[in-house]
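Contents: one structure, followed by commentary.
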Amino acid sequence: QLVESGGELVQAGGSLRLSCAASGRTLSSYDMGWFRQNPGKEREFVAAVRWRGGNIYYADSVKGRFTISRDNALNTVYLQMNSLKPEDTAVYYCAAGSYIGSVYDSTRYNYWGQGTQVTVSS
């Protein structure tokens, strides 16, 4: 089970840190991703980190502002979001997968959290 937390209402230019904690499985052997979604729109890739090698990937829209990290000892993955913009408003989901191939494809992930709402006001 994956549980996200940290979403809230924040002003444009502000920062938030989202957390994704796992229970019942060890995240260290999974590729981990963050996605976001707004009503009526497709789920959008945000960031991912590989379990093997630790390669990190970002969507162009968040590159330079967001940072994904993982703490295997705490079985938690984080998404640090800085310089937030109103267009970052969405429900943010974390996901885990094994040998998923493309980290950008949400259908490759096996496990999902319930999501946490991030709202950025202008």
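Consider the stretch 79-92. How many of its residues are under 16 Å from G6 (Cβ atoms) and either of a type in the set (A, V, I, L, M, F, W, C) or open to solvent by 50 Å² or more (accessible area, probe 1.4 Å) (or both)?
7
Output the residues belonging to the stretch 62-78 that are surrounded by 14 or more Cβ atoms within 10 Å (Cβ to Cβ) and either within 13 Å of D88 (Cβ to Cβ) or among the charged types (D, E, K, R) (or both).
Of everything in the stretch 62-78, those that are surrounded by 14 or more Cβ atoms within 10 Å (Cβ to Cβ) and either within 13 Å of D88 (Cβ to Cβ) or among the charged types (D, E, K, R) (or both) turn out to be V62, R65, F66, R70.
What number of residues within the stretch 27-55 satisfy the criterion of being closer than 19 Å to S98 by Cβ and open to solvent by less than 80 Å² (accessible area, probe 1.4 Å)?
Residues in the stretch 27-55 being closer than 19 Å to S98 by Cβ and open to solvent by less than 80 Å² (accessible area, probe 1.4 Å): 16 in total.
Among the residues of the stretch 67-86, count how many are touching a strand residue (DSSP E or B) at 6+ places or on another chain (Cβ under 8 Å) and free of Cβ contacts under 8 Å to residues at least 60 places away in the same chain.
9
Of the numbered conditions (1) farther than 27 Å from V120 by Cβ; (2) of a type in the set (S, T, Y); (3) in contact with a Gly (Cβ under 7 Å, 6 or more places away or on another chain), S19 fails exactly one; give the number of that condition.
S19 satisfies all of (1) farther than 27 Å from V120 by Cβ; (2) of a type in the set (S, T, Y); (3) in contact with a Gly (Cβ under 7 Å, 6 or more places away or on another chain) except (1).
So, in the stretch 21-56, exactly how many residues are in contact with a helix residue (DSSP H, G or I) (Cβ under 8 Å, 6 or more places away or on another chain) and hydrophobic (A, V, I, L, M, F, W, C)?
Residues in the stretch 21-56 being in contact with a helix residue (DSSP H, G or I) (Cβ under 8 Å, 6 or more places away or on another chain) and hydrophobic (A, V, I, L, M, F, W, C): 3 in total.
Residue check: is K63 in a loop (DSSP other than H, G, I, E, B), under 17 Å from Q117 (Cβ atoms) and not polar (S, T, N, Q)?
Spelling it out, it is not the case that K63 is in a loop (DSSP other than H, G, I, E, B), under 17 Å from Q117 (Cβ atoms) and not polar (S, T, N, Q).
Is it the case that some residue within the stretch 93-103 is open to solvent by 30 Å² or more (accessible area, probe 1.4 Å) and part of a strand (DSSP E or B)?
Within the stretch 93-103 (the criterion being open to solvent by 30 Å² or more (accessible area, probe 1.4 Å) and part of a strand (DSSP E or B)), the answer is yes, since at least one residue qualifies.
The values are calculated or read from the model by the stated rules, or taken from the named source; none is laboratory data. Quick caveat: nothing in here was measured; it's all calculated off a predicted structure. In this analysis, Cβ positions are derived from the backbone assuming ideal geometry, glycine residues included, and neighbour counts consider all displayed protein chains. The area values use the complete protein model at the heavy-atom level, side chains included, leaving out ligands, DNA and RNA. Shrake-Rupley method; radii C 1.70, N 1.55, O 1.52, S 1.80 Å.
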